[in-house]
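Read through the structure below, which is laid out as structure tokens, and then see the notes.
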Amino acid sequence: MIPVDKALQIIVEKSDVIERTETVGLDSANGRILAEDIFSDIDIPPFNKSSMDGYAVISEDLTSLPAELDVIEEIPAGYFPTKRVIKGTASKIMTGAPVSEGADAVVMVENTEDLQGKVKILSKVKKGDNISIKGEDVKKGEKILSKGTKFRCQEISMLASTGNHKVKVLSRPKVSILATGTELVEPDRFPSFGQIRNSNSYSLFAQCQSAGANPEYLGISVDEEKDLMGKIKKGLDSDMLLISGGVSMGDYDFVPSILKEADVKIVFEKVAIKPGKPVLFGTKGKTLVFGMPGNPVSTMVIFELFVKPALKKMSGDTANCNFKGKARLNKDFKRKRAERQEYIPAAISCSGGKTTAIPVESHGSADMMSLTKANGLLMIPTGVDKINAGEICDVMWFSAADPSYMPA
Ligand code: AMP
Ligand code: MG
């Protein structure tokens with residue numbers, strides 16, 4: 001049995017960034033990882049641009065106020081000036097239009113009065129006011145984004161502005177998902193006595209999608225060596241194979257022996273963790289294999305702790321993916337044995353700057369219903385057998401998007 005931290009370290013060491021790339025359009029770039037440096041084909045702004053609706057003027061014309069200037073033309077956005085602004089004149093200009101030659105500032109329309117053919121200017125402007133200078137944000141030819149950047153809306157906006165309407169991104173890791181268990185039926189079936197519905201495949205599918213991976217479903221294998229071998233071999237063609245069930249000590253838990261027979265190098269088979277102790281990790285070439293205990297809560301927790309960091313690394317995503325912090329426990333915690341690091345589904349909330357963790361009531365590691373009320377996990381380290389209500393403990397949120405998320 002190895003400690004959780006050691007298991008995680010081994011997994012991350014064995015996870016390599018996927019080197020395949022693909023080209024995507026801007027409508028599918030969100031969250032993807034850039035596989036090339038990106039340059040601008042233009043200056044931004046591309047011309048000296050008015051940042052206000054108003055009048056393009058010569059600032060020195062406004063030394064005494066109010067000042068009256070002749071309006072020589074009107075420049076809507078999308079048009080360009082045809083007349084030079086000279087002493088005593090102004091051009092009416094809209095936001096986004098090129099500023100006339102001769103003008104060195106724009107007076108916003110709110111500070112003017114239209115006198116039909118003339119304009120009364122009511123406030124002064126300094127040279128350069130309300131003009132965005134050509135190339136002040138980005139110069140033509142400048143590198144605007146580096147390889148490895150994860151696209152958010154702001155990066156996608158810059159891609160669009162610089163004409164990069166298609167971009168090369170890293171391919172998502174392909175993950176095969178295999179459920180094992182003769183008792184399992186798919187969700188569209190009504191289980192007969194002794195059967196249960198397969199839920200892990202679909203929770204894993206969702207977790208893979210959230211982690212930026214590309215899941216592929218291999219179906220259910222019954223607990224028989226031949227069926228398992230066939231499906232496992234297929235899954236080994238992917239970047240990662242996730243197997244739920246069949247890794248414990250039961251007479252029909254064939255997953256470890258079949259993996260060995262399929263030439264998977266088993267790296268570890270037990271971790272000092274609760275839930276999920278019999279978790280198995282192995283490799284075949286660059287393919288990573290996880291065998292997860294089939295109880296739905298165990299499967300989910302093992303994914304969050306071990307599979308997600310591996311997928312993030314394989315995706316080239318360097319952002320933090322385990323959202324850890326501290327919270328005050330709201331009731332006493334006690335346990336008899338303390339040799340495993342324990343993760344307890346919890347509802348974590350934040351109010352008045354204080355973060356509180358409330359363990360959700362649960363009937364054990366099959367009780368997925370309890371997890372619908374949890375937004376994270378309470379972490380009890382090895383060696384700790386009790387925490388009193390009011391004490392600060394370690395927690396991990398499922399998602400950084402959680403409003404109660406407070407980084408450690
Ligand atoms: P196992 O790890 O195969 O011993 O399974 C442990 C428990 O999890 C058993 O009660 C199984 O019926 C249940 N289980 C296994 N696989 C799944 C699955 N895909 N969906 C829901 N429950 C499962
Ligand atoms: Mg089983």
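The values are calculated or read from the model by the stated rules, or taken from the named source; none is laboratory data. It should be emphasised that the depicted structure is a prediction, and the values quoted were computed from it without experimental measurement. No Cβ is skipped: glycine too gets one built from the backbone with ideal geometry, and neighbour counts run over all protein chains shown. When the accessible area is computed, the model is the full protein with side chains, heavy atoms only, and any ligands, DNA or RNA have been set aside. Shrake-Rupley method; radii C 1.70, N 1.55, O 1.52, S 1.80 Å.
Can you tell me the relative contact order of the chain? Whole percent, Cα pairs under 8 Å, sequence separation 6 or more. Please list the in-between numbers first.
Numbers: 961 pairs, mean separation 63.2, N = 408.
About 15 percent, as a whole number.
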Worksheet item: Does anything in the stretch 220-244 have its amide N under 17 Å from the 7 Å Cα→Cβ label point of Asp251, and if so which residues?
Response: 223-225
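Tally Lys and Arg at +1 and Asp and Glu at -1 over the other residues with C-beta under 14 Å from the C-beta of Arg337: what net charge comes out?
Values: positive: Lys274, Lys277, Lys334, Arg335, Lys336, Arg340, Lys386; negative: Glu339, Glu342, Asp385.
Around Arg337, the surrounding residues sum to +4.
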Worksheet item: When the chain is modelled as a GNM with alpha-carbon springs shorter than 10 Å, which of Glu183, Glu136, Glu304 fluctuates the most?
Response: Glu136
Worksheet item: Per residue Cα convex hull volume for the stretch 323-397, in cubic angstrom?
Response: 89 Å³
Worksheet entry | Dimensionless Rg/Rh of the stretch 49-132 - Kirkwood Rh, Rg from C-alpha atoms | 0.91
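Please give me, ordered by residue number, the chymotrypsin sites (Phe, Trp or Tyr not before Pro) of the stretch 172-219 that lie in loop per DSSP and have at most 15 other Cβ atoms within 10 Å. Mind dumping the intermediate values first?
On the way: sites: Phe193, Tyr202, Phe205, Tyr217; in loops: Phe193.
In loop regions of the stretch 172-219 (DSSP not H, G, I, E or B), the sparsely surrounded chymotrypsin sites (Phe, Trp or Tyr not before Pro) are Phe193.
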Discussion item. Suppose the chain between Lys286 and Val222 were pulled fully straight at 0.36 nm per residue; how much longer would it get relative to their current alpha carbon spacing?
Written reply: 20.4 nm
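Which loop trypsin sites (Lys or Arg not before Pro) in the stretch 54-150, with loop taken from DSSP, have no more than 12 other Cβ atoms within 10 angstrom of their Cβ? Write down the numbers at each step before the final one.
On the way: sites: Lys83, Arg84, Lys87, Lys92, Lys118, Lys120, Lys124, Lys126, Lys127, Lys134, Lys139, Lys140, Lys143, Lys147, Lys150; in loops: Lys83, Arg84, Lys87, Lys124, Lys126, Lys127, Lys134, Lys139, Lys140, Lys147.
When the trypsin sites (Lys or Arg not before Pro) of the stretch 54-150 are filtered for loop state and at most 12 Cβ neighbours within 10 Å, Arg84, Lys87, Lys126, Lys127 remain.
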Fill in: Residues of the stretch 106-121 with amide N under 17 Å of a point placed 7 Å along Cα→Cβ from Ser64
120-121
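What is the packing order of peptides 236-243, 14-21, 383-390, 27-34, taking the mean over residues of other C-beta atoms within 10 Å and listing the highest first? It would help to have the intermediate numbers written out before the result.
Numbers: 236-243: 23.2, 14-21: 15.4, 383-390: 12.0, 27-34: 17.1.
For the peptides 236-243, 14-21, 383-390, 27-34, the packing ranking is 236-243, 27-34, 14-21, 383-390.
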Practice prompt. Give, to the nearest whole percent, the P(r) tail of the chain beyond 42 angstrom, counting all Cα pairs.
Written response: 38 percent
Worksheet item: In the stretch 183-229, what trypsin sites (Lys or Arg not before Pro) fall in a loop by DSSP, with at most 16 other Cβ atoms inside 10 Å?
Response: Arg189
Worksheet, complete the sentence: Which residues qualify? For Leu184, with a placed amide H closer than 5 Å and at least 5 residues away or on another chain, they are Ile196
Worksheet item: Within the accessible area of the stretch 235-339, what % is carbon and sulfur when the probe is 1.4 Å and the other protein chains stay in place?
Response: 49 percent
Discussion item. Just to be sure I understand: with springs between alpha-carbon atoms less than 10 Å apart, which residue in Ile220, Ile58, Ile177 has the highest mean-square fluctuation in the Gaussian network model of the chain?
Written reply: Ile58
Fill in: Extreme residue, positive dipole direction of the stretch 148-291, given options Leu259, Leu204, Leu228 (C-beta unit charges)
Leu204
Response to the item:
Per the charge dipole of the stretch 106-159 (beta-carbon charges, Lys/Arg positive, Asp/Glu negative, Cα centre), the residue among Val106, Leu122, Thr149 reaching farthest to the positive end is Thr149
Practice prompt. Calculate the dipole size of the stretch 49-132 relative to its Cα centre from +1 charges on Lys and Arg beta carbons and -1 charges on Asp and Glu beta carbons; express the result in debye to the nearest 20.
Written response: 180 debye
Practice prompt. Determine the gain in length on full extension of the stretch Lys270-Lys83; use 0.36 nm per residue of separation and subtract their C-alpha separation, reporting nm with one decimal.
Written response: 59.4 nm
